[in-house]
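Written out below as structure tokens is the structure these notes cover.
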Amino acid sequence: MVEVVLCRFTPELEGFIQASCKFDPYYALPIYLSLLDRLDDTHREGFLYKIIRQCLDTANVHFNKLHQLQKEKILESTKKSVRGTAACVLQFTQFLLFSESLHKNQRRNSLDMCYTQLAEAVIQSIEVFAAHQSKIPREVATIENYHSIYHFLFRNKIDGLDKFRTSCHKKYKESLEQYVKSYLGTPLDKINVFFEGVKQKLAAGVPHHEIGFYSEFSKQKIKALISDYSIKEVKKGLESVMKKIEKHFTKEQNLFTVACLTMQAEFIKQVEGYENLMKLCYPDAGLKFSFTVSQIHAIFDGKSPRN
């Protein structure tokens, strides 16, 4: 008797699911997850299990439609973005918060598969968003948006997106490195050209103690080049770069400061590289820059925080 009643009730349940999801596609998620919970609490051999399983199949169809809807929104939202955090990133993270607030079940296969495909759509959308920027460099768009996703996933641990979080962090760091190298360049340009020539000689097999015998790489020439770069000139050049890049970044993530610190590290790395070549090829010449690493820190420390 109970089976007959429940059997007649099944179409009503399916009709309710379909009507609810038609009214609001987002209802598909709580309905699907609730049925999934009930399925685990029900005896597999019972008639109720069969009914829930049948309703779950119906809910799964609408869940897949919701998944596809989210994917389309993520891909289309790029057109609505100007700069800063792209709409596709906001769309993605809001959906994750909504989904995770509802999910209490250990079985995550369907949800994780959905997340993975949405993550792929977000990457595609960010790249399109970055490529269409006209007022800021492409790298800034990728820096800010991959950082935004990484920061969100770092604060909200979602097991199924561990690899995606790592991938976003890698893309963020690569974009930052590329941006810094592009905009910093080689502030001590003439010295850089000089030592690039030195490195070519060394690579060709010239002994390091013979480098100074070449007129174009003489001790006198490198001394003259060093004298061109006083702390005043270096500071002027670095502040000019920082003033330019400050206009690229939005205030919401404060990544201008990060870019300055990365530039500082890159510039110091360049200077130390030159100093190592001086010690190697001109060990007794007493060559050194007129500025110190501490002074370089002072330049960046005075500019990097926003006023």
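The values are calculated or read from the model by the stated rules, or taken from the named source; none is laboratory data. Since the structure is predicted, the reported quantities are computational estimates derived from the model, not experimental observations. Cβ atoms come from the backbone with ideal geometry, glycine included; neighbour counts cover every protein chain shown. What goes into the accessible areas is simple: the full protein's heavy atoms, side chains included, and nothing from ligands, DNA or RNA. Shrake-Rupley method; radii C 1.70, N 1.55, O 1.52, S 1.80 Å.
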How long, wide and thick is the range 90-130, going by the Cα atoms along their three principal axes, in whole angstroms, largest first? 37, 17, 7
Compute the Rg to Rh ratio over the range 69-178 from the alpha carbon atoms, using the Kirkwood formula for Rh, and round to two decimal places. 0.97
Let me check against my output: what whole-number percent is the relative contact order of the chain, with C-alpha pairs under 8 Å and at least 6 apart? 14 percent
So with the 1.4 Å probe, I'd like the accessible area per residue for the range 192-307, rounded to whole Å². 57 Å²
Largest-first principal axis extents, alpha carbons of the chain, Å: 105, 40, 29
Once the piece of chain linking Leu261 and Leu75 is laid out straight, how much longer is it, given 0.36 nm per residue of separation minus the C-alpha distance between them? 63.6 nm
Give the residue list of trypsin sites (Lys or Arg not before Pro) in the range 243-307 that are DSSP loop and have at most 16 other beta-carbon atoms within 10 angstrom. Lys247, Lys251, Lys288, Arg306
Protein accessible area in the chain, 1.4 Å probe - carbon and sulfur %: 53 percent
Scattering profile of the range 141-286 at q = 0.14, 0.18, 0.20 Å⁻¹ [log10 I(q)/I(0), Debye over alpha-carbon scatterers]: -0.78, -1.00, -1.14
With -39,500 (n - 2.57) per DSSP H segment of 4 or more residues and division by the full residue count of the chain, the 222 nm estimate, nearest 500 deg cm²/dmol, is -25000 deg cm²/dmol
Integer Hz, Karplus 6.51/-1.76/1.60 couplings in order for the range 194-203, x for Gly and Pro: 4, 6, 5, x, 4, 5, 5, 5, 5, 5
Projected label distance in nm at Leu102 and Ala298, using a 7 Å step from Cα toward the beta-carbon: 6.0 nm
So how far, in whole Å, is the C-alpha centre of the range 219-254 from the one of the range 126-163? 28 Å
Taking only the alpha-carbon positions of the range 186-239 and ignoring solvent, what does the Debye formula give for the base-10 log of I(q)/I(0) at q = 0.15 Å⁻¹? -0.47
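Quick one: ranking Met113, Met242 by accessible area, 1.4 Å probe, largest first, what do you get?
Descending order: Met113, Met242.
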